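Engineer: Provided herewith is a single structure, encoded as structure tokens, for subsequent inquiry.
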């Protein structure tokens, strides 16, 4: 059986991700404001939340900075290579806990030699429609023979 071709996508900035991050930070701040805490603690929590939201906006929504994933290559055997914001390439394998949906896709992957897995959020406005479809199909139906074995249809 011939493997399908690898998918290469370049991730763009996402307005949806920016809106979701801002909404999440605003809701969290409103929830913290409801707590009976001192004004100094409230001010500190606002600063911490603003720094977190700013960092997530830059890394996830704008795809800038050294920790941002700017492009990825995915093969049918679930090998993933990502290009980081600093230009370096990191290879790893996609984990089975990844989620593939029509509106949101999360890729959980473990870089080779790392102890922890990483998660990568992909929204439809980050890449062209056809690339998003091909990426989702390969994530959903790609398999790793090392961990999942030979498909039942192929003795």
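The values are calculated or read from the model by the stated rules, or taken from the named source; none is laboratory data. It should be emphasised that the depicted structure is a prediction, and the values quoted were computed from it without experimental measurement. With ideal geometry, Cβ positions are generated from the backbone for all residues, glycine too; neighbour counts draw on all protein chains shown.
Engineer: Could you identify the single residue in 47, 22 that is closer than 30 Å to residue 83 by Cα, modelled with pLDDT of 95 or more and not assigned by TED's automatic domain parsing to the domain that holds residue 121?
Structural biologist: Working: 47 fails: closer than 30 Å to residue 83 by Cα.
One residue alone meets the criteria, 22.
Engineer: Could you look through the stretch 45-66, keep only residues that are part of a loop (DSSP other than H, G, I, E, B) and on the phi < 0 side of the Ramachandran plot, and pick out the one that is surrounded by the most Cβ atoms within 10 Å (Cβ to Cβ)? Don't jump to the end; show me each part of the working.
Structural biologist: Just the residues of the stretch 45-66 that are part of a loop (DSSP other than H, G, I, E, B), to begin with: 62-66.
If we keep only those that are on the phi < 0 side of the Ramachandran plot as well, we get 62, 64, 66.
Numbers: 62: 16, 64: 14, 66: 10.
Within the stretch 45-66, the match that is surrounded by the most Cβ atoms within 10 Å (Cβ to Cβ) is 62.
Engineer: Residue under question is residue 39, and the condition is that it be under 30 Å from residue 142 (Cα atoms), surrounded by fewer than 16 Cβ atoms within 10 Å (Cβ to Cβ) and modelled with pLDDT under 95; does it hold? Walk me through it before giving the result.
Structural biologist: Details: under 30 Å from residue 142 (Cα atoms): no; surrounded by fewer than 16 Cβ atoms within 10 Å (Cβ to Cβ): yes; modelled with pLDDT under 95: yes.
It is false that residue 39 is under 30 Å from residue 142 (Cα atoms), surrounded by fewer than 16 Cβ atoms within 10 Å (Cβ to Cβ) and modelled with pLDDT under 95.
Engineer: Residues in the stretch 70-84: is at least one at pLDDT 95 or above, in a helix (DSSP H, G or I) and under 12 Å from the mean Cα position of the chain (by Cα)?
Structural biologist: no
Engineer: If you check 31, 71, which single one turns out to be surrounded by fewer than 17 Cβ atoms within 10 Å (Cβ to Cβ) and under 20 Å from residue 133 (Cα atoms)? Don't jump to the end; show me each part of the working.
Structural biologist: Values: 31 fails: under 20 Å from residue 133 (Cα atoms).
Step by step, each of 31, 71 is checked, and only 71 is surrounded by fewer than 17 Cβ atoms within 10 Å (Cβ to Cβ) and under 20 Å from residue 133 (Cα atoms).
Engineer: Now for a separate question. I'd like the full set of residues that are out of contact with any strand residue (DSSP E or B) (no Cβ under 9 Å at 6 or more places or on another chain) and modelled with pLDDT of 90 or more, limited to the stretch 114-155.
Structural biologist: Let us first name the residues in the stretch 114-155 that are out of contact with any strand residue (DSSP E or B) (no Cβ under 9 Å at 6 or more places or on another chain), namely 115, 125, 129-130, 133, 141, 143, 145, 148-155.
Answer for the stretch 114-155, where residues must be out of contact with any strand residue (DSSP E or B) (no Cβ under 9 Å at 6 or more places or on another chain) and modelled with pLDDT of 90 or more: 115, 125, 129, 130, 133.
Engineer: Applying the selection to the stretch 86-107, what residues are free of Cβ contacts under 8 Å to residues at least 24 places away in the same chain, buried (at least 16 other Cβ atoms within 10 Å of the Cβ) and not in a strand (DSSP E or B)?
Structural biologist: Hit for the stretch 86-107 is 95, nothing else.
Engineer: Just one of the numbered conditions (1) more than 22 Å from residue 104 (Cβ to Cβ); (2) over 20 Å from the mean Cα position of the chain (by Cα) is not true of residue 54; which one?
Structural biologist: (2)
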